[in-house]
1. Within segment 119-134, can one find any residue that is under 20 Å from residue 185 (Cα atoms), free of Cβ contacts under 8 Å to residues at least 40 places away in the same chain and surrounded by fewer than 15 Cβ atoms within 10 Å (Cβ to Cβ)?
2. Exactly one of (1) at pLDDT 95 or above; (2) outside the structural domain of residue 193 (by TED's automatic domain parsing); (3) buried (at least 17 other Cβ atoms within 10 Å of the Cβ) is unmet by residue 92. Its number?
3. From the list 62, 6, 57, exactly one residue is under 24 Å from residue 172 (Cα atoms), touching a helix residue (DSSP H, G or I) at 6+ places or on another chain (Cβ under 9 Å) and not assigned by TED's automatic domain parsing to the domain that holds residue 235. Which is it?
4. Test of understanding: among 49, 11, which residue is under 20 Å from residue 86 (Cβ atoms) and crowded, with 21+ Cβ neighbours inside 10 Å?
5. Give segment 195-209 a look and list any residue that's over 13 Å from the mean Cα position of the chain (by Cα) and either buried (at least 19 other Cβ atoms within 10 Å of the Cβ) or part of a strand (DSSP E or B) (or both), or say none.
6. In segment 210-249, which residues are touching a residue at least 60 places away in the same chain (Cβ under 8 Å), part of a strand (DSSP E or B) and under 16 Å from the mean Cα position of the chain (by Cα)?
7. Applying the selection to segment 146-171, what residues are closer than 18 Å to residue 205 by Cβ and in a helix (DSSP H, G or I)?
């Protein structure tokens, strides 16, 4: 059996930037264990699989270790593949996922993701979070992930986490964020429990970051950078119970998996 595969750099307009995702279009679903093995073999933060269903596509995402309920950059990558390589002429792609229906549109050279909004609530700062980050945040919040607020962009860039400690927290990932020098805010994302020590650019974390910063800055349109080594740029809008996360993408490689 041969399975098409595309490697796409998401949330960037340049190769070797943003976050690389693997995208595997399927005619029908494979066994879960096989998809997990493919994601493990790819060894990227996520591999997206999608299957046509009526006028939509079912989509699932796997890290090298687990399946997750929502992922932004592989969804953007999948949208980029469908719009640009599949001869898809409709203005909107509908993805059916474990987090509900996700719509993806194209505007000029931007791919726009419409995702659920996940506003975080204030929580006490776990001591293991402080130890894992090596620095105490100003405040801590939680939705799916912990969100640790810091004062400056320099603090975010200088963090050297202990991923072994962070993997013990009761969450998928840890978002660290602060006001940006050349953007509304900056962030980084760590998910060692899911097999991703640091994710280069994370769409799903912005489901939490957008409502958080929209309220804090009192604005609905936000520009942000994720400060990984590869660095990513995102254009965001707060829509109430939904958020829009936009970015660019470039295809790095295409090929076939032989099973």
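The values are calculated or read from the model by the stated rules, or taken from the named source; none is laboratory data. A quick note: this is a predicted structure, and the numbers were derived from the prediction, not measured. Positions of Cβ are generated from backbone atoms using ideal geometry, with glycine treated the same way; all protein chains shown enter the neighbour counts.
1. Within segment 119-134, one or more residues are under 20 Å from residue 185 (Cα atoms), free of Cβ contacts under 8 Å to residues at least 40 places away in the same chain and surrounded by fewer than 15 Cβ atoms within 10 Å (Cβ to Cβ).
2. (3)
3. 62
4. Only one candidate qualifies: 49.
5. 197
6. Once the filter is applied, which keeps residues that are touching a residue at least 60 places away in the same chain (Cβ under 8 Å), part of a strand (DSSP E or B) and under 16 Å from the mean Cα position of the chain (by Cα), segment 210-249 yields 226, 232, 233, 234, 235, 242, 243, 244, 245, 246, 247, 249.
7. Residues satisfying the conditions are 153, 155, 156, 157, 163, 166.
Residue-by-condition table, conditions (1) at negative phi; (2) in a helix (DSSP H, G or I); (3) in contact with a helix residue (DSSP H, G or I) (Cβ under 7 Å, 6 or more places away or on another chain):
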site: 74; (1), (2), (3): yes, yes, no
site: 79; (1), (2), (3): yes, yes, no
site: 83; (1), (2), (3): yes, yes, no
site: 95; (1), (2), (3): yes, no, yes
site: 104; (1), (2), (3): yes, no, yes
site: 113; (1), (2), (3): yes, no, yes
site: 132; (1), (2), (3): yes, yes, yes
site: 136; (1), (2), (3): yes, no, yes
